[in-house]
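Report on one structure; see the data block that follows.
The values are calculated or read from the model by the stated rules, or taken from the named source; none is laboratory data. Worth saying up front: this structure is predicted, and the values here are computed from it rather than measured. Positions of Cβ are backbone-derived with ideal geometry, glycine not excepted, and every protein chain shown enters the neighbour counts.
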Amino acid sequence: MHKKFQYSLLMLTILALPTAKAADTHQQGGETMLLQSTAFTLQGHIPKRYTCDGDNVSPPLMWSELPDNTASLVLIVDDPDAPDPAAPKRTWVHWVLYNIPPSASGLAEAVQTAELPKGTLQGVNDWKKTGYGGPCPPIGRHRYFHKLYALDAVLPDLHEPDKATLEKAMAGHILDNKELIGTYQR
């Protein structure tokens, strides 16, 4: 009788374990969201072309593996090392885009306002302008975070919001996010 009880307990434990198929299903969707660029790799050097020392154009960005119920995307590019990486005092915002449709798989190099995916809206960067403003560090090697957020909603027109206003509007709607960090030093 004691052996039967042990066997039953062992079988219940085995049945309670997730199967490989269930584990694979759990890993799909937002948990595998990808963000990359052909211009630089994760933690890699951002080429001069994409900075204030070059053409000051946006790098190409590609994404995939969005959560199934993604309604819109947000892209924020910022630098937490301003003004000096040895003594950062603030995060400098370089680019703010929202309501990017999930059907878009990326942004082309040097993308212009008229070329943004239909429905995409822009916020203001810390130069108080819409659009991309490339790395322009006054001292040292800075990190530039390209942050992509998958949201479960399309946000209302926030009339060129700053990063903080956009983040408040995003609260409670983020399904997943991914960061691609590049570095630049003059």
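Please specify each residue of region 37-77 satisfying the condition of being more than 21 Å from Gln122 (Cα to Cα) and in a strand (DSSP E or B).
Matches in region 37-77: Gly44, His45, Ser64.
What do you reckon, is Asp81 under 22 Å from Thr165 (Cα atoms), of a type in the set (D, E, K, R) and touching a Lys or Arg at 6+ places or on another chain (Cβ under 7 Å)?
For Asp81, the condition - under 22 Å from Thr165 (Cα atoms), of a type in the set (D, E, K, R) and touching a Lys or Arg at 6+ places or on another chain (Cβ under 7 Å) - is met.
Of the numbered conditions (1) charged (D, E, K, R); (2) under 15 Å from Leu166 (Cβ atoms); (3) without any contact (Cβ under 8 Å) to a residue 12 or more places away in the chain, Asp126 fails exactly one; give the number of that condition.
(3)
Taking Met62 as the residue in question, decide whether it is out of contact with any helix residue (DSSP H, G or I) (no Cβ under 8 Å at 6 or more places or on another chain), under 14 Å from Leu148 (Cβ atoms), modelled with pLDDT of 95 or more and surrounded by 16 or more Cβ atoms within 10 Å (Cβ to Cβ).
In short, no.
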